[in-house]
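Participant: The structure's right below; bear with me while I get my questions together.
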Amino acid sequence: MPQSLNDIQRERSRLQLALSQMDDLRPGSLVDRFLKCGKPTCRCAKPDSPGHGPSYSLTREVEGRTVTKIIPPSAVGQTQRQIAEYRRFRELTREFVEASEKVCDAQLHAAASSAAQEVRKNGA
């Protein structure tokens, strides 16, 4: 059963409210890295050593180029929350656009139905 215009508008309003309550957000992917320093006498040179680390980097694309920021270990949890909030923002935005499009379509349909009724009333 198709949703009524009022139901769709309520859903769009709910999404708009959720978008207005977004917290800090940031795009990108957070990765942990272990690196070998290259010094032959360092503990990381041993075959079973994972290397130094972890160090954390946030990678994202900006104007077609990959940008990497080093994230301090103390900020990893906060950065993960910001990335999750960004993904939530993208999903809410997608849903908001879909709901808005449904509202627009329903309004078009209502206007067309109203015009058709007016033509029938006037016998034209």
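The values are calculated or read from the model by the stated rules, or taken from the named source; none is laboratory data. Note that this is a predicted model, so its numbers are computed, not measured. Cβ atoms come from the backbone with ideal geometry, glycine included; neighbour counts cover every protein chain shown. We work out accessible area using only protein heavy atoms, side chains counted, and drop any ligands, DNA or RNA first. Shrake-Rupley method; radii C 1.70, N 1.55, O 1.52, S 1.80 Å.
Participant: Can you name the condition, by its number, that N6 falls short on among (1) of a type outside the set (S, T, Y); (2) surrounded by 11 or more Cβ atoms within 10 Å (Cβ to Cβ); (3) not in a loop (DSSP other than H, G, I, E, B)?
Facilitator: (2)
Participant: Any chance you could count how many residues in the stretch 51-72 are more than 11 Å from V31 (Cβ to Cβ) and in contact with a helix residue (DSSP H, G or I) (Cβ under 8 Å, 6 or more places away or on another chain)?
Facilitator: 2
Participant: In this structure, is E91 free of Cβ contacts under 8 Å to residues at least 60 places away in the same chain and either open to solvent by less than 80 Å² (accessible area, probe 1.4 Å) or of a type outside the set (D, E) (or both)? Give the derivation first.
Facilitator: Details: free of Cβ contacts under 8 Å to residues at least 60 places away in the same chain: yes; either open to solvent by less than 80 Å² (accessible area, probe 1.4 Å) or of a type outside the set (D, E) (or both): yes.
Yes.
Participant: Out of the residues in the stretch 10-43 meeting the condition of being in a helix (DSSP H, G or I) and in contact (Cβ under 8 Å) with a residue 12 or more places away in the chain, tell me which one is most open to solvent (accessible area, probe 1.4 Å).
Facilitator: Q16
Participant: A follow-up question, please. Out of all the residues in the stretch 58-88, which are assigned to a helix (DSSP H, G or I), open to solvent by 100 Å² or more (accessible area, probe 1.4 Å) and free of Cβ contacts under 8 Å to residues at least 12 places away in the same chain?
Facilitator: If the condition is that a residue be assigned to a helix (DSSP H, G or I), open to solvent by 100 Å² or more (accessible area, probe 1.4 Å) and free of Cβ contacts under 8 Å to residues at least 12 places away in the same chain, then S74, R87 are the ones that fit.
Participant: When the residues of the stretch 44-57 are narrowed to those that are open to solvent by 50 Å² or more (accessible area, probe 1.4 Å) and in a loop (DSSP other than H, G, I, E, B), which ends up nearest to A106 (Cα to Cα)?
Facilitator: Step by step, filter the stretch 44-57, then rank; the result is P50.
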